[in-house]
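Participant: The structure's right below; bear with me while I get my questions together.
None of the figures in this text is laboratory data; all of them are computed from the coordinates on show. All values derive from a computational prediction rather than experimental measurement. Methodologically, a virtual Cβ is constructed for each residue, glycine included, from the backbone with ideal geometry; neighbour enumeration extends over all protein chains shown.
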Amino acid sequence: MGSSYVISTSAEKLDRKTLEKNRRIKMKLLCSKLFSLLSPPHHHQSTKKVLTQQDQVDQAITYIEELKERVEVLKRRKEELEQGTGDQSKKFMPTTAYISIKTPMVEVRELDSILEVILTCGLQKNFTVQEVIKIIEQEGAQVVTADYSTIGDTIYYTIHAQVKITRLGIDASSVHLRLQMLVS
């Protein structure tokens with residue numbers, strides 16, 4: 001009877017040891033994840049000297065408090081602008097609320113084998129999205145996504161395309177030129 005008691009307590013110790021080890025590993029991972037979320041200025045301070053885990057947690061707490069203060073300041077500024085009581089509200093509100101784009105703008109970015117086309121135009125456009133997609137595909141890319149949003153009387157188109165043959169690539173300047181000719 002006494003030997004069964006010894007076996008059960010050693011198994012309990014082993015379980016407690018394993019549970020404690022797993023808890024410590026989990027806490028270490030959580031602390032490292034928390035420290036990785038700090039902004040770069042807070043992160044660079046630690047490169048000068050090795051910080052203890054407690055110092056890292058203290059830095060995270062300080063950073064979170066700074067962010068809370070910043071959020072409060074931004075909320076107050078937003079309320080002032082919405083109410084029109086802020087100094088800057090009269091400068092920004094009327095001018096930015098209803099700006100319309102008279103001439104369409106084309107922006108083409110090439111990132112490795114991805115092509116991003118951003119078109120900005122007014123509601124009275126003289127082209128169709130189908131024509132834009134056709135030009136992109138003629139230049140050697142396959143459209144992956146095409147999205148748009150309308151703000152006021154301005155339409156923003158964003159088109160992402162994948163280059164069909166990556167070793168040949170795509171000439172972004174040619175795409176830009178043809179699209180510019182289309183929208184003008």
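Participant: Among 20-30, 129-139, what's the highest-first ranking by average C-beta atoms within 10 angstrom per residue?
Facilitator: Working: 20-30: 10.2, 129-139: 15.8.
Highest-to-lowest ranking by the protection proxy: 129-139, 20-30.
Participant: Along the stretch 149-165, what does the Karplus equation 6.51 cos²θ - 1.76 cosθ + 1.60 (θ = phi - 60°) give for ³J(HN,Hα), rounded to whole Hz, x for Gly and Pro?
Facilitator: Coupling constants for the stretch 149-165: 9, 10, 10, x, 10, 10, 10, 10, 9, 10, 10, 10, 9, 10, 5, 5, 10 Hz.
Participant: Once you have the Cα-Cα distance between residue 166 and residue 60, take 0.36 nm times their residue separation minus that, and quote the gain in nm to one decimal. Could the numbers behind the result be given before it?
Facilitator: Values: separation 106, 0.36 × 106 = 38.16 nm, distance 4.36 nm.
Using 0.36 nm per residue and subtracting the Cα-Cα distance, I get 33.8 nm.
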